[in-house]
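The values are calculated or read from the model by the stated rules, or taken from the named source; none is laboratory data. Quantities reported herein were computed from a predicted structural model and do not represent experimental measurements. Quick reminder, even Gly has a Cβ in these numbers, built from the backbone with ideal geometry, and neighbours come from all protein chains shown.
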Amino acid sequence: MNVGSIGTSALLAAQQTVHIRANNIVNAQTEGFKPAAPALVSAQPTGGVAVFVQEANGPVNLVEEAAGLITASVQYEAAATLIRTNDELSKTLLDIAS
(Lines give C-alpha, C1' and ligand atoms only; values in the text may rest on other atoms or scores of the structure.)
Protein backbone atom coordinates (compact mmCIF):
# COMPACT_ATOMS: atom_id res chain seq x y z
CA MET A 1 0.00 0.00 0.00
CA ASN A 2 1.35 3.44 -0.83
CA VAL A 3 1.55 6.42 1.49
CA GLY A 4 -1.41 8.13 -0.15
CA SER A 5 -3.63 5.12 0.50
CA ILE A 6 -2.47 4.92 4.10
CA GLY A 7 -3.30 8.61 4.56
CA THR A 8 -6.69 8.14 2.95
CA SER A 9 -7.51 5.21 5.25
CA ALA A 10 -6.51 7.38 8.23
CA LEU A 11 -8.82 10.19 7.02
CA LEU A 12 -11.70 7.74 6.73
CA ALA A 13 -10.95 6.27 10.16
CA ALA A 14 -11.00 9.74 11.74
CA GLN A 15 -14.30 10.47 9.98
CA GLN A 16 -15.84 7.22 11.27
CA THR A 17 -14.60 8.00 14.78
CA VAL A 18 -16.28 11.42 14.67
CA HIS A 19 -19.51 9.80 13.48
CA ILE A 20 -19.49 7.26 16.34
CA ARG A 21 -18.66 9.89 18.99
CA ALA A 22 -21.26 12.36 17.67
CA ASN A 23 -23.91 9.62 17.66
CA ASN A 24 -23.11 8.88 21.30
CA ILE A 25 -23.43 12.56 22.24
CA VAL A 26 -26.70 13.06 20.38
CA ASN A 27 -28.26 9.97 21.94
CA ALA A 28 -26.83 10.40 25.45
CA GLN A 29 -30.27 11.06 26.95
CA THR A 30 -32.14 8.48 24.85
CA GLU A 31 -33.60 5.78 27.06
CA GLY A 32 -32.10 2.37 26.34
CA PHE A 33 -29.30 3.75 24.14
CA LYS A 34 -26.09 1.76 24.26
CA PRO A 35 -23.03 3.84 23.37
CA ALA A 36 -20.38 2.58 20.98
CA ALA A 37 -16.62 2.94 21.15
CA PRO A 38 -14.37 3.17 18.10
CA ALA A 39 -11.39 0.81 18.05
CA LEU A 40 -8.60 1.76 15.63
CA VAL A 41 -6.57 -1.17 14.37
CA SER A 42 -3.83 -1.65 11.83
CA ALA A 43 -5.17 -2.91 8.50
CA GLN A 44 -2.70 -5.73 7.89
CA PRO A 45 -1.23 -6.80 5.51
CA THR A 46 -2.12 -3.83 3.31
CA GLY A 47 -1.27 -1.09 5.79
CA GLY A 48 -3.34 1.83 6.87
CA VAL A 49 -5.91 1.85 9.64
CA ALA A 50 -9.42 0.50 10.12
CA VAL A 51 -12.15 1.27 12.66
CA PHE A 52 -14.18 -1.37 14.43
CA VAL A 53 -17.18 -0.48 16.55
CA GLN A 54 -17.35 -1.95 20.02
CA GLU A 55 -20.17 -1.68 22.51
CA ALA A 56 -19.13 0.62 25.34
CA ASN A 57 -19.86 -0.18 28.97
CA GLY A 58 -22.06 2.12 30.98
CA PRO A 59 -23.71 5.41 30.07
CA VAL A 60 -22.32 8.01 27.70
CA ASN A 61 -19.48 9.99 29.26
CA LEU A 62 -19.64 13.42 27.62
CA VAL A 63 -16.12 14.37 28.70
CA GLU A 64 -14.74 11.19 27.16
CA GLU A 65 -16.73 11.77 23.97
CA ALA A 66 -15.50 15.37 23.67
CA ALA A 67 -11.90 14.21 24.16
CA GLY A 68 -12.48 11.55 21.51
CA LEU A 69 -13.69 14.21 19.07
CA ILE A 70 -10.59 16.30 19.69
CA THR A 71 -8.38 13.26 19.17
CA ALA A 72 -10.15 12.42 15.91
CA SER A 73 -9.64 16.00 14.75
CA VAL A 74 -5.91 15.76 15.39
CA GLN A 75 -5.80 12.38 13.62
CA TYR A 76 -7.56 13.92 10.62
CA GLU A 77 -5.07 16.81 10.47
CA ALA A 78 -2.13 14.40 10.71
CA ALA A 79 -3.51 12.24 7.89
CA ALA A 80 -4.12 15.28 5.70
CA THR A 81 -0.54 16.43 6.34
CA LEU A 82 0.73 12.97 5.39
CA ILE A 83 -1.14 13.12 2.08
CA ARG A 84 0.08 16.67 1.32
CA THR A 85 3.67 15.75 2.14
CA ASN A 86 3.46 12.66 -0.05
CA ASP A 87 2.17 14.78 -2.94
CA GLU A 88 4.98 17.31 -2.48
CA LEU A 89 7.62 14.55 -2.41
CA SER A 90 6.16 12.95 -5.52
CA LYS A 91 6.28 16.27 -7.36
CA THR A 92 9.87 16.82 -6.24
CA LEU A 93 10.88 13.38 -7.49
CA LEU A 94 9.21 14.04 -10.83
CA ASP A 95 11.05 17.37 -11.10
CA ILE A 96 14.35 15.67 -10.36
CA ALA A 97 13.66 12.90 -12.88
CA SER A 98 12.79 15.31 -15.68
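If only residues of segment 1-29 that are of a type in the set (Val, Ile, Thr) and at pLDDT 95 or above are counted, the one that is surrounded by the fewest Cβ atoms within 10 Å (Cβ to Cβ) is VAL26.
Check VAL60 against each of (1) modelled with pLDDT under 95; (2) outside any helix (DSSP H, G or I) and name the one condition it does not meet. Checking VAL60 against (1) modelled with pLDDT under 95; (2) outside any helix (DSSP H, G or I), the one that fails is (1). Against the conditions (1) among the hydrophobic types (A, V, I, L, M, F, W, C); (2) out of contact with any strand residue (DSSP E or B) (no Cβ under 9 Å at 6 or more places or on another chain); (3) in contact (Cβ under 8 Å) with a residue 60 or more places away in the chain, ILE6 satisfies every one except (2). Whenever a residue of segment 71-83 is of a type outside the set (Phe, Trp, Tyr), its partners that are modelled with pLDDT under 95 and exposed (fewer than 14 other Cβ atoms within 10 Å of the Cβ), lying with C-beta atoms within less than 7 angstrom and at least six residues away or across chains, give the pairs ILE83/GLY4. Residues that are farther than 15 Å from ALA13 by Cα and out of contact with any strand residue (DSSP E or B) (no Cβ under 8 Å at 6 or more places or on another chain) within segment 47-58 comprise ASN57, GLY58, listed in sequence order.
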